[in-house]
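The values are calculated or read from the model by the stated rules, or taken from the named source; none is laboratory data. Please read all numbers here as calculations on a predicted model, not as lab measurements. Backbone-built Cβ (ideal geometry, glycine too); neighbour counts: all protein chains shown.
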Amino acid sequence: MTDKHPERFSADTGEAVRLSARVTGVVQAVGFRYWTVRKADELGLTGTVRNNDDGSVGIVAEGPQAVVLELRRWLRSPDAPGRVDDVQESVSAATGAFTEFRVTY
């Protein structure tokens, strides 16, 4: 149930969702993963964040739709570390596969 039109998820329906995102820009060697973990923990989300070989950062986050939307807004805001040039994303139904939010390698 991947939705290539995340704007359709701009309103909260109360359901649990999964955000899969690829963040590009100056997002490695600037603490981006650790600040993402901190923000996700603050929001009560579960999932993972990792550096990709191409210099981007991959994020999978699950939680209530409104909270996932808050993380999505944060990723695009000046509060995110480094310099985010683009966020490619898809939103789907949550799977419940995670128990915490952590950095993976």
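Overview of results
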read-out	value
Scope region 72-85; condition touching a helix residue (DSSP H, G or I) at 6+ places or on another chain (Cβ under 6 Å) and under 13 Å from residue 43 (Cβ atoms); matching residues	74
Test: residue in region 74-81 that is at pLDDT 95 or above, under 14 Å from residue 101 (Cβ atoms) and out of contact with any strand residue (DSSP E or B) (no Cβ under 6 Å at 6 or more places or on another chain)	yes
Of residues in region 46-59 being surrounded by fewer than 19 Cβ atoms within 10 Å (Cβ to Cβ) and in contact with a Phe, Trp or Tyr (Cβ under 9 Å, 6 or more places away or on another chain), the one farthest from residue 18 (Cα to Cα)	51
Residue in region 31-45 that is touching a helix residue (DSSP H, G or I) at 6+ places or on another chain (Cβ under 8 Å) and surrounded by fewer than 15 Cβ atoms within 10 Å (Cβ to Cβ) present	yes
Scan of region 70-86 for residues that are in a strand (DSSP E or B) and either surrounded by fewer than 11 Cβ atoms within 10 Å (Cβ to Cβ) or in contact with a Ser or Thr (Cβ under 8 Å, 6 or more places away or on another chain) (or both), ordered by number	84, 85, 86
Inter-residue pairs, beta-carbon under 8 Å, first within 13 Å of residue 48 (Cβ to Cβ) and in region 59-70, second among the aromatic types (Phe, Trp, Tyr) and buried (at least 23 other Cβ atoms within 10 Å of the Cβ), 6+ apart	61/101
Qualifying residue in region 9-20 (condition: outside any strand (DSSP E or B), modelled with pLDDT under 95 and surrounded by 17 or more Cβ atoms within 10 Å (Cβ to Cβ))	yes
Any hit, region 35-50, residues being modelled with pLDDT of 95 or more and among the acidic types (Asp, Glu)	yes
Flag for residue 50 being assigned to a strand (DSSP E or B), within 9 Å of the chain's Cα centre (by Cα) and either over 20 Å from residue 99 (Cβ atoms) or free of Cβ contacts under 8 Å to residues at least 60 places away in the same chain (or both)	no
